[in-house]
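Beneath this line is the structure, given in structure tokens, with notes to follow.
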Amino acid sequence: MRRLIQKVLVANRGEIALRVIRGCRELGIATVAVYSDADRAALHVLHADEAYRLGPSPATESYLRGDLILAIAQRVGADAIHPGYGFLSENAEFAEACKEADVIFIGPPAAAMRVLGSKTSARQAADRAQMPRVPGSVTGLASADEALLVAAEIGYPVMLKAAAGGGGKGMRAVTGADDLASAYTAASSEALRSFGSGEVYLEKLIDRPRHIEIQLMADEHGNCIYLGERECSVQRRHQKVIEEAPSAVVNDDLRRRMGEAAVRLALSAGYVNAGTVEFLVDAEENFYFLEMNTRLQVEHPVTEMVTGLDLVHMQLHIAMGEPLPLRQEEVRLRGHAVECRIYAEDPENNFFPCPGEITLLEQPGGPGIREDCAIYPGWTVPLDYDPMLSKLIAYGEDRVTAIDRMLRALDEYVVGGIRTNIGLFQRILRDEDFRAARIDTGYLERLLARPQELLPDETPEDVVAVAAAIFTALQTPAVAPVVGADESRWLQSARAEGLRR
Amino acid sequence: MTVWLQIGGRRRRVELRSSEGGDATSGALACVVDGMPLAVEARLLRAGVLSLIVDGRQYRCLLDGDVVIIDGQRSAFEAADPRSLQARQGAGAAAEGARAVKAPMPGRVVRVLVNVGDQVEAQQGLVVIEAMKMQNELKSPKAGKVVRIAVAVGDTVLAGGVLVVVE
């Protein structure tokens, strides 16, 4: 059934809210932003047609308040809500409430979300769809004793995981039976704190796996296609840091097998809209189902670059009841794309987050560069949310070109006032193992454990000294109050210097 | 004019002189760095953004607080007159005694792990601060006694704010 969407409320913030607003505008759809107190001057608010205050800064009092968001949508006549990622994007109750209120939720139906949202029920669905998965418990473990039994059956090393998890919370790798009981308790209590459910399951730990995921699109007419894969093996503490498409190790046959398995899973769960099936892939090209993300993901731009498709446009058309615009055999992958997640954090100081004012911003551009960004000079990065500032995406005909473009763009990129992880990306992209695609989910931890190599073309120290001296001279304040306003800064500085002597 | 700097553990003396009128911070400059002459063409493009041309080689220099960024490389510097630099270096050695543990970033205090009077080991956790959905445990820089706790659970702290003093 075709339904027209004329106005979309974007229930999110940051770069993804802006990304969705841009996609809507291109299709002539009006946009509504919502914001917390910390975000009154945020970029997503400045780009929307309408904007409404949600509440105080903490997400629990603003972006997680589905009731408030739905009430605003109804009041201002929004036909649909796009949840972005995070916050309410995988909340089945919210999707259901939207449906009851006759507001289109741009995402999968609540029932499909429920099946795939819990890792344990998703694993059962994967079994039904004949999807290979890592050996382990299908249901949550009742106790540490049960964990010991399952681990003895499948063999060590094993990984404990929170059933409702995400973002690496509630996960513990265990190498032997001695450590299992304490790891079980720790993972379960962390899961309870983070997700409100202490349910934990156990899987065999795959040696040096690569994280490779399949992007899906499904419409409500029973069509489902896969748009190739993304490799997200560069991770820190189970959080993705760099993503690329395609993966350097996936050939046409493996892509087809993984894609078809992912499509089977989606169809069996009655899935509609954008989704991603995550896999671990071992050195022998075996792939194992990990979980399904029932939303648009952070790393969707690399798929957009290599397919030439706009996933947000597709989401909107699907939500309007239209059939998919292309068939599987019409999906073409071309070139290579790499994405870096730019965070407000300090890799040289224990990755401490660095909220604060952006005093200076030099953004990269040029061929093959895309920046999905939510910052501007003068904007203060609040301490209440995720530290992601922007995503930098580089595209090239092949992997090496994309990486070299990314390095060039990172050299251009300067964010002043706060610390960022830009320097870490420069290090990774120059690393021989990364350039040769010798990566797995443990790659980044190993790189960080190595001493940092010096850059080959260091700026001469004298030039650094002259630059610092000129900046200092420009900042030297006038000391004597009698100094006239028309006097040059140089004269003022000279006088100040004389007074100091 | 002359500027004294501390960069990468080295003390530098930079003389900036305009070679064709104008002021000493823009245009053609005759610089003397630690006694060695260096011809530089400088142009301030906007606040915090400077272009230097040295021997035909162009450097885009950006100022980020007390850091100069050139070609993506960050170099921290400190400007001072020679006497205060000397004074500070002298004071560095005497950093024994009470040490304040400061917040490395703004955030909210979620846990205080010690009490006044507690004996702590070096690297023992003292306070947990949360910012941007991440919790960070701040550790004691030395073994000693907690003599002051400046924050309580729920407090918002600014970067550089004192949390705990260990003596």
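General observations
- Qualifying residue in segment B:97-113 (condition: of a type outside the set (Val, Ile, Thr), modelled with pLDDT of 85 or more and over 24 Å from the mean Cα position of the chain (by Cα)): yes
- When restricted to residues that are surrounded by fewer than 17 Cβ atoms within 10 Å (Cβ to Cβ) and part of a strand (DSSP E or B), segment A:18-54 contains 2.
- The set of residues in segment A:392-409 that are within 12 Å of chain B (Cβ to nearest Cβ), surrounded by fewer than 22 Cβ atoms within 10 Å (Cβ to Cβ) and in contact (Cβ under 8 Å) with a residue 40 or more places away in the chain contains only A:Arg408.
- Among the residues of segment A:190-246, those that are without any contact (Cβ under 8 Å) to a residue 60 or more places away in the chain and small (Gly, Ala, Ser) comprise A:Ala191, A:Ser194, A:Gly196, A:Ser197, A:Gly198, A:Gly222.
- Residue check for A:Ser137: farther than 20 Å from B:Gln135 by Cβ, buried (at least 20 other Cβ atoms within 10 Å of the Cβ), outside the structural domain of A:Tyr271 (by the TED database) and polar (S, T, N, Q): yes
- Selection within segment A:404-434 - of a type in the set (Val, Ile, Thr) and more than 19 Å from the chain's Cα centre (by Cα): A:Val414, A:Val415, A:Ile418
- So B:Leu44, is it within 9 Å of chain A (Cβ to nearest Cβ), in a strand (DSSP E or B) and without any contact (Cβ under 8 Å) to a residue 40 or more places away in the chain: yes
- Filter result for A:Ala147 (buried (at least 22 other Cβ atoms within 10 Å of the Cβ), in a helix (DSSP H, G or I) and either among the hydrophobic types (A, V, I, L, M, F, W, C) or under 20 Å from the mean Cα position of the chain (by Cα) (or both)): yes
The values are calculated or read from the model by the stated rules, or taken from the named source; none is laboratory data. Every value quoted in this text rests on a predicted model; they were computed, and no experiment measured them. With ideal geometry, Cβ positions are generated from the backbone for all residues, glycine too; neighbour counts draw on all protein chains shown.
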